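The values are calculated or read from the model by the stated rules, or taken from the named source; none is laboratory data. As the structure is a prediction and not an experimental result, all values here were calculated from the model. In case anyone asks, the SASA skips ligands and DNA or RNA and just uses the protein heavy atoms, side chains included. Shrake-Rupley method; radii C 1.70, N 1.55, O 1.52, S 1.80 Å.
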Amino acid sequence: MVDGVGNTHTGRAIRALCRTLAVLTAAAALALTGPGLQRAEAAAPCAGRLAKSVSFTTGELRVYQSGQQVCAVTLARNPGARRPMSVSLQVRGRHAETDSGRFTRQAGPVTVQPRGRCVKATGSVSGTSRSTGWILC
């Protein structure tokens, strides 16, 4: 096929170049951020500032604080297949609020209003769990 300028196959060459640039751009973004950071930034289910983050081999536990509310999520290090995950958030002296099940990406969010009391968050992915200990006292 000849385009309006007299060049053959220019449209196909431009489309191929655009596809190549898109793949290279995506690869560069992944290389710069890493898969864990890219996934974690994409999932921001809690409002407020990050108060505590605990990384472990299969995931990451994140605790956020916004005013009188505390929120927690557990994020899988490698999202994909469903696997057992949980997150719990407990105000000292009260029962824990928990979200557990088989998830592909995250457990939670769970929120509490501690009203001046300490909180403890625990997260688990595929049988590996970590806790914050008592924080935000």
Complete set of residues in the stretch 121-137 that are closer than 20 Å to SER66 by Cα, outside any strand (DSSP E or B) and of a type outside the set (Val, Ile, Thr): GLY133, TRP134, LEU136, CYS137
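Within the stretch 65-88, can you find the residues that are closer than 19 Å to CYS46 by Cα and over 15 Å from the mean Cα position of the chain (by Cα)? I'd like the intermediate steps shown before the answer.
Start the filter on the stretch 65-88 by keeping residues that are closer than 19 Å to CYS46 by Cα, which leaves 65-77, 79, 85-88.
Once the filter is applied, which keeps residues that are closer than 19 Å to CYS46 by Cα and over 15 Å from the mean Cα position of the chain (by Cα), the stretch 65-88 yields GLN65, SER66, GLY67, GLN68, GLN69, VAL70, SER88.
Which members of the stretch 96-110 meet the condition of being open to solvent by 70 Å² or more (accessible area, probe 1.4 Å) and either hydroxyl-bearing (Ser, Thr, Tyr) or more than 17 Å from GLN65 (Cα to Cα) (or both)? It would help to see each step written out before you state the result.
Step one: list which residues in the stretch 96-110 are open to solvent by 70 Å² or more (accessible area, probe 1.4 Å), which gives 97-98, 100, 102, 105.
Selection gives THR98, SER100, ARG102, ARG105.
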